[in-house]
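First up is the structure itself, then whatever we jot down about it.
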């Protein structure tokens, strides 16, 4: 199955700018389905970005983060061609991860 | 062969129930063989660790309680060095682009709160040394509300806020 994660990391000089998109419903627990039943909460809680075995960025998310979440940040100390690992875990314990190359 | 295919299709159409039953059966048979210690559904080990998720802060129903849970009672000071970028009017409350950056030194975390949401804390980003104190994301907003950016810098907490008008809420049906 295709990964739920898409990542774009571009290094310019010292700084690497990272943009990532994750496919996830991010159900808040307050929305009703067509039958009027509440859709139970289902959302990503933690996203971790790792470079060279070190966490460079962590996101703690609540149900208020939009569906198919987007995140952008930047960090220092990486070079073109380095690996950047992304992983997430949701409130039901599901996980996914992806290794991206810094461009 | 045909039989096999059609049964696979059926299982997909009937959703998770059948799969759960099958997995349960596998787990049961493993346990029967004395392999209960081997998790039948173990996945590749991921770095994201749900146990570090600040459950308390996310569970608070008011802005003040969420801030208290996040910063152990420290009160945020308004600061013009915290830059909160959010739209004046969000046409769609389900997707409101919000970004926070700051020129403050020694930033250890950035948090974003939406006051009128059922759970005001929307996201919290611990900032590692070497990571720029800037983050952009998209949040859901139930209705018109104040959005607060909180930046922990050194041993203090600084904030900036902005009123965002929402024409279509993102948390209702």
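All of the numbers you see were taken from the coordinates with simple rules; none came from a lab. Model, not experiment: these values are computed from the prediction. Note that we place each Cβ from the backbone using ideal geometry, even for glycine, and neighbour counts take in every protein chain shown.
What is the list of residues in segment A:57-99 whose amide nitrogen lies under 13 Å from a point 7 angstrom out from the Cα of residue A:19, following Cα to Cβ? Residues A:70-74 fall inside that zone. The slack between residue A:68 and residue A:94, meaning 0.36 nm per residue of separation minus the straight C-alpha distance, is 7.8 nm.
What is the distance, in nm, between label points placed 7 Å from the Cα along the Cα-to-Cβ direction at residue A:32 and at residue B:68? My value for the distance between the label points is 3.3 nm. Sketch the reach of a paramagnetic label on residue B:136 as a point 7 Å from Cα along Cα-to-Cβ, and name the residues of segment A:9-39 whose backbone nitrogen lies under 14 Å away. In segment A:9-39, the label zone of residue B:136 (backbone N under 14 Å from the point 7 Å along Cα→Cβ) covers A:9-10, A:17-21. In this calculation the C-beta distance from residue B:144 to residue B:75 is compared with R0 = 25 Å, giving a FRET efficiency of 0.50. Remark: segment B:54-168 is approximated by an ellipsoid whose semi-axes, taken from the C-alpha gyration tensor as √(5λ), come to 22, 16, 12 Å, largest first.
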